[in-house]
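Beneath this line is the structure, given in structure tokens, with notes to follow.
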Amino acid sequence: MLVSHARALRNPTIKDEIVMKKQGDSFSLGFVNYPIFQAADITCVGANLVPVGKDQLAHIEQTREIVDKFNSLYGEVLVKPEGLIGKVGKLVGTDGNPKMGKSLNNTIMLSASTEEVKQIVMNMYTDPNRIHATDPGKVEGNPVFIYHDLFNQNKEEVEDLKKRYKLGKVGDIEVKEKLFKAIDAFLEPIREKRAYYENNKNLVMEILAEGTRITRLEAQKTLNRVRESMKMDYNFKT
């Protein structure tokens with residue numbers, strides 16, 4: 001257990017959380033054990049490929065270490081997972097913070113309404129050194145343009161905005177309004193799907209129940225293999 005705790009504290013994500021929450025050396029056992037719980041969630045179903053953000057790769061690596069250690073002691077029992085990073089490995093917060101999080105209040109939620117999206121985007125962090133619209137602005141590392149690159153499908157528009165921004169020929173308002181329209185268009189089909197399931201809650205419960213049933217069966221199989229390999233199966237088989 002002490003080894004697991006040491007690994008958890010070596011995890012960059014855990015370190016960042018400790019710094020952001022200013023916990024110092026005082027943190028709960030549940031907090032330290034959280035990466036171990038994540039490893040259990042992955043290994044219990046025999047997951048070999050796990051979709052994650054870039055900042056979650058450390059959790060996958062820690063899971064791989066746990067699997068390697070267990071398998072070296074008890075044989076090839078647990079599946080060693082790989083992390084799968086999508087097109088966007090990590091997205092900066094709307095306030096320019098490298099980490100986006102609900103607790104930091106710098107996110108655009110998938111459930112956000114059109115009005116909420118507009119308010120958030122119009123208040124987004126941009127180039128702090130650009131005081132007037134006629135001042136040349138910095139595009140690189142600018143959250144507004146990071147989001148434009150990812151969510152605005154009109155690439156010609158994006159390049160035009162970047163060019164004019166660098167020359168001081170476009171204001172933040174125009175740049176943000178066009179970003180708002182792009183993000184709102186991206187979220188619209190998600191809103192429609194969300195509304196569909198909100199109006200079909202019985203279907204949602206059926207999906208959750210079936211997923212739980214399948215997951216429980218896989219977890220039971222894994223637990224049985226673990227107990228058997230550790231010579232602890234006794235009468236526990238389910």
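Taking the three principal axes of the alpha carbon atoms in segment 59-107, the coordinate ranges are 48, 23, 12 Å, sorted in descending order.
Could you grab the relative contact order for segment 102-198? Cα pairs under 8 Å, six or more apart, rounded to a whole percent. Present the calculation step by step, with values, prior to reporting the outcome.
Values: 90 pairs, mean separation 32.8, N = 97.
With pairs under 8 Å counted, the relative contact order is 34 percent.
Projecting label points 7 angstrom from Cα along Cα→Cβ for Phe37 and Ile214 puts them 2.4 nm apart. Span-like helix check, the chain: qualifying full DSSP H segments, with Cα axial length of 20 Å or more and mean Kyte-Doolittle of -0.5 or more, are 29-43, 57-74.
Let me check against my output: what whole-number percent is the relative contact order of the chain, with C-alpha pairs under 8 Å and at least 6 apart? It would help to have the intermediate numbers written out before the result.
On the way: 245 pairs, mean separation 39.3, N = 238.
Normalised by residue count, the contact order of the chain is 17 percent.
Could you tell me the number of lysine pairs in segment 102-198 with C-alpha atoms less than 19 Å from each other, where the two lysines are 8 or more residues apart or belong to different chains? So the count of such lysine pairs works out to 25. Basic side chains Lys and Arg get +1 at the Cβ, acidic Asp and Glu get -1 at the Cβ, and with that the dipole of the chain about its Cα centre reaches some 460 debye. Calculated on the Cα set of segment 71-145, radius of gyration then Dmax: 19.6, 67 Å. P(r) tail for segment 21-147: Cα pairs beyond 19 Å make up 65% of the total.
Putting +1 on Lys and Arg Cβ atoms and -1 on Asp and Glu Cβ atoms, find which of Gly211, Phe180, Asn199 reaches farthest to the positive end of the dipole of the chain. Result: Gly211, furthest along the dipole toward the positive end.
Taking the square roots of 5 times each eigenvalue of the Cα gyration tensor of the chain, largest first, gives ellipsoid semi-axes of 44, 23, 15 Å. Size descriptors for segment 105-238, from the alpha-carbon set: Rg then Dmax equal 24.4, 77 Å.
Since every read-out is calculated from the coordinates, none of them should be taken as a lab result. All values derive from a computational prediction rather than experimental measurement. FYI the Cβ positions are ideal-geometry reconstructions off the backbone, even for glycines, and counts take in every protein chain you see.
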